[in-house]
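For reference, the structure discussed in these notes is given below.
Only the coordinates and a few stated rules stand behind these numbers; no lab work does. None of the values given here were measured: they were computed from a predicted structure. Note that each Cβ is placed from the backbone with ideal geometry, even for glycine, and that neighbours are counted across all protein chains shown.
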Amino acid sequence: MRLFLASYRLGGAGSGLARLVPEPRRAAVVANATDAWPAAAREWAVRSEMQMLASVGITAHELDLRDHIGDPEGVRAVLDRSDVVWLRGGNTFVLRSRLAQSGADAIITELVRDGRIVYG
């Protein structure tokens with residue numbers, strides 16, 4: 001099990017996250033905790049997370065769970081091509097709902113438990 005836990009974004013330990021995954025490093029950014037925000041603010045938040053991950057050598061793409069409601073196979077396909085799943089903070093109630101609706105909660109748990117993906 002590989003976890004990267006920080007109180008705010010990468011903290012001062014971004015290189016530690018990069019060391020947890022082999023190259024090429026790919027991250028799926030889950031920003032659904034910001035779904036209730038205005039669209040422009042949500043878009044900025046996603047870009048900000050991607051830029052932060054890029055600063056430590058990780059190429060990121062968004063995994064928007066709204067596109068995978070009732071589609072756990074689609075979630076798994078995206079995560080199978082990722083080394084890191086990065087969950088952006090915000091409204092944890094909205095995030096938890098999206099994780100359950102898409103089946104991502106069980107898939108992420110399995111992949112992290114089996115050491116196939118880093119959770120951050």
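Output the relative contact order of the chain, whole-number percent, from Cα pairs under 8 angstrom with separation of 6+ residues.
38 percent
Looking at the square roots a ≥ b ≥ c of the eigenvalues of the Cα gyration tensor of the range 18-88, which shape do they give, rounded for a/c under 1.5, prolate if a/b is larger than b/c, or oblate?
The shape class here is oblate.
Residues with beta-carbon under 15 Å from that of residue 106, excluding residue 106: net charge, scoring Lys, Arg +1 and Asp, Glu -1?
So the surrounding residues net to -1.
Roughly how many debye, to the nearest 20, is the charge dipole of the chain about its Cα centre, given +1 on each Lys and Arg Cβ, -1 on each Asp and Glu Cβ, and no other charges?
360 debye
Net charge within 14 Å of residue 39 by Cβ-Cβ distance, Lys/Arg positive one each and Asp/Glu negative one each, not counting residue 39 itself?
It works out to a net charge of -1.
Please list 106-116, 59-69 highest first by mean number of surrounding beta-carbon atoms within 10 Å per residue.
The densest-packed peptide leads the list: 59-69, 106-116.
What's the local net charge at residue 90, with K and R +1, D and E -1, over the other residues with C-beta under 12 Å away?
+2
Can you grab the distance from the C-alpha centre of the range 2-53 to the C-alpha centre of the range 56-87, Å, no decimals?
Result: 12 Å between the Cα centres.
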